Structures are given as structure tokens and as C-alpha cells.
Amino acid sequence: MANPIRLCGRGLRYIRQYGPAQLYRKVKERQERNRQEAGYDAWLKAQLPDEAQDEEQRKAEFVQAPCISVLVPAYETPEGFLREMIESVLNQSYSNLELCIADGSP
């Protein structure tokens with residue numbers, strides 16, 4: 001969870017700029033979005049293949065196996081997110097992939 005003092009400071013700055021009614025709307029929207037996304041982890045786990053299915057997918061041979069390019073623009077991307085994205089691409093069951101990262105950071 002975020003630092004409460006920092007969160008209060010952000011809230012006060014938001015109120016000064018947009019007013020209390022807009023802050024209330026923003027908080028309610030965020031709560032609704034969090035509620036809707038709450039079941040995502042369970043849904044994702046149900047969609048992922050088990051080890052046997054994953055191995056079967058990795059062994060599949062295709063008549064045509066096109067190279068799929070994954071293009072990722074990056075600008076001041078936190079290292080943790082970048083590493084997680086790279087691992088995700090490397091862990092795909094389809095192996096003919098190329099990862100192209102365009103770094104626009106200073």
C-alpha cells in the first residue's frame with residue numbers, strides 16, 4: 001500500500017486543482033475498477049495450461065512457423081516491469097519469436 005502521508009498530500013493537491021467532488025468521483029471510479037479486476041488472477045490461472053499442456057504446445061511442429069515480432073516501446077520503464085515483460089516473452093510455448101525493444105529514455 002502507498003505511504004498514507006504521501007497519499008494525503010496527493011489528495012490535497014488533487015482537491016486544490018480539481019475540487020472535492022472530482023476527487024470523490026475519481027476514488028469511486030478507482031474502487032469500481034479494483035472491484036471488477038479482483039477476479040482476474042483466478043481467471044488467469046484457470047486459462048494457463050498445466051505442465052502437460054505446456055509441454056505438448058512446445059513440442060508442436062508447424063508446417064509454417066512464421067517469426068512473430070514483439071515490438072515494445074520503452075520510456076523510463078522501471079527495471080522490474082521490463083524484466084517481467086522479457087521473462088513473459090521468453091516463457092512462451094511458441095519459440096519462433098523475436099523481441100524488439102525501442103528505448104526512448106534519455
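Per this entry, Leu23 is counted among residues that are part of a helix (DSSP H, G or I), touching a Gly at 6+ places or on another chain (Cβ under 8 Å), surrounded by 10 or more Cβ atoms within 10 Å (Cβ to Cβ) and aliphatic (A, V, I, L, M). I'd like to know if the stretch 77-94 contains one or more residues that are touching a helix residue (DSSP H, G or I) at 6+ places or on another chain (Cβ under 7 Å) and in a loop (DSSP other than H, G, I, E, B). Yes; the residues of the stretch 77-94 include at least one that is touching a helix residue (DSSP H, G or I) at 6+ places or on another chain (Cβ under 7 Å) and in a loop (DSSP other than H, G, I, E, B). Is it the case that some residue within the stretch 46-68 is open to solvent by 50 Å² or more (accessible area, probe 1.4 Å), modelled with pLDDT of 95 or more and under 19 Å from the mean Cα position of the chain (by Cα)? No - not one qualifying residue is present in the stretch 46-68. Taking every residue in the stretch 22-38 that is within 14 Å of Arg10 (Cα to Cα) and pairing it with any residue that is open to solvent by less than 100 Å² (accessible area, probe 1.4 Å), at least 6 positions away or on another chain, the pairs with Cβ-Cβ distances below 7 Å are Leu23/Gly11; Leu23/Tyr14; Leu23/Ile15.
Taking the numbered list (1) aromatic (Phe, Trp, Tyr); (2) surrounded by 11 or more Cβ atoms within 10 Å (Cβ to Cβ); (3) within 16 Å of Gln92 (Cα to Cα) in turn, Tyr14 passes all entries but (3). Screening the stretch 91-106 for residues that are surrounded by 10 or more Cβ atoms within 10 Å (Cβ to Cβ) and of a type in the set (A, V, I, L, M) and picking the one that is farthest from the chain's Cα centre (by Cα) gives Leu97.
The values are calculated or read from the model by the stated rules, or taken from the named source; none is laboratory data. Being a predicted model, the structure only gives us computed values, none of them experimental. Heads up, the Cβs are rebuilt from the backbone with ideal geometry, glycines too, and the neighbour counts pull from every protein chain shown. All accessible areas refer to the heavy atoms of the entire protein, side chains included, with ligands and DNA or RNA removed. Shrake-Rupley method; radii C 1.70, N 1.55, O 1.52, S 1.80 Å.
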